[in-house]
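One structure is given here, and the rest of the page talks about it.
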């Protein structure tokens with residue numbers, strides 16, 4: 001029999017209720033004619049997401065990493081790269097331990113880091129992030145940026161407007177750093193909302209309708225341009241709705257995974273379940289101290305037979321499994 005970490009004993013430790021949803025009226029098209037309307041809708045969306053951002057359900061790690069993957073995939077388009085979510089997964093999860101994941105994988109790594117660390121901005125941390133994003137900032141510019149983030153916190157602007165402000169500030173400083181601007185926007189959003197860790201949200205919406213409405217659907221609204229704050233509010237509504245839907249899906253899948261756990265006899269199965277609850281995907285050829293590659297393959301085949309995991313690579317080899 002396997003032993004589970006007591007922290008992962010229930011898919012929703014705090015409450016048996018399903019994850020919340022963004023109110024339908026907040027998602028209604030055409031309702032936000034002004035910045036105040038958009039901000040009101042964003043407030044409702046953030047209110048729905050707040051409990052999830054603060055909570056620690058068993059599947060929270062997988063949820064955060066799936067959000068990070070979505071933002072990383074959108075980042076590829078902004079960076080002019082061709083990798084999709086599948087390619088990013090391969091770059092990260094199939095590389096040898098400690099190996100360089102490549103430029104695309106490094107960008108994915110920046111979003112993964114955002115999802116698991118407190119929303120703290122200091123020059124040392126930001127220097128590592130810009131390097132992962134393939135950018136180059138000098139120490140003085142990064143120090144000035146940290147000062148600007150501190151000033152924003154002191155003004156206590158509403159969270160969506162603070163996020164928009166830091167994104168606009170970064171692009172004004174360095175027009176080639178929009179990817180970094182969106183990474184910081186989610187960090188500042190979390191700071192403003194006093195979330196323990198940020199959620200990767202806004203980058204995934206950069207090419208959505210929220211950032212095209214003011215430009216007649218042709219030109220994307222970039223940070224600092226007219227209508228940008230309103231667009232960020234509307235994007236946050238959609239991002240929160242998508243995050244809540246993903247949480248509901250993963251909650252159901254995690255519940256099923258934990259329900260079949262007592263049926264698993266493989267030594268080391270508990271480690272695999274822990275990884276499935278905390279990662280976007282797990283390699284089908286995973287090896288641990290108590291699980292050989294062959295045993296892992298048999299375990300994943302059993303989990304798939306029990307419909308407790310999904311195979312997400314659509315390959316016959318180098319397979320990747322997740323909730």
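Using C-alpha pairs below 8 Å separated by at least 6 residues, the relative contact order for region 264-322 is 36 percent. The C-alpha atoms of region 74-218 occupy a region whose extents along the principal axes are 45, 40, 28 Å, arranged from largest to smallest.
Starting from one equal scatterer on each C-alpha and no solvent at all, send me the Debye-based log10 I(q)/I(0) for region 147-210 at q = 0.14, 0.20, 0.27 Å⁻¹, two decimals. These q points yield log10 I(q)/I(0) values of -0.36, -0.74, -1.22. When the Gaussian network model of the chain links Cα atoms closer than 10 Å, the mean-square fluctuations of 292, 177, 313 top out at 292. Relative contact order of the chain: 25 percent, from C-alpha pairs under 8 Å at least 6 residues apart in sequence. Across region 206-267, counting alpha-carbon atoms alone, Rg and Dmax equal 19.7, 60 Å. Measuring r between the beta carbons of residue 82 and residue 304 and using R0 = 41 Å, the FRET efficiency lands at 0.85. Note on the chain: helix-only mean residue ellipticity at 222 nm, from DSSP H runs of 4+ residues weighted -39500 (n - 2.57) and normalised by residue number, equals -18500 deg cm²/dmol. Between 146, 244, 71, the GNM of the chain built on Cα springs shorter than 10 angstrom shows 146 fluctuating the most.
Take every pair of alpha-carbon atoms less than 8 Å apart whose residues are at least six positions apart; their mean separation over the length of region 56-175 yields a relative contact order of 19 percent. Against the main long axis of the alpha-carbon atoms of the chain, helix 139-155 sits at an angle near 80°.
Compared with the dominant principal axis of the Cα atoms in the chain, helix 178-193 is inclined by about 80°. For region 303-323 versus region 258-277, the spacing of their alpha-carbon centroids is 14 Å. How many angstrom separate the Cα center of region 132-149 from the Cα center of region 154-173? Each part's Cα centre sits 15 Å from the other's.
Every read-out reported here was derived from the displayed coordinates using simple, explicitly stated rules and does not represent laboratory data. Here the structure is a predicted model, which is why all the values come from computation and not from measurement. Neighbour counts run over all protein chains shown; Cβ positions are idealised from the backbone, glycine included.
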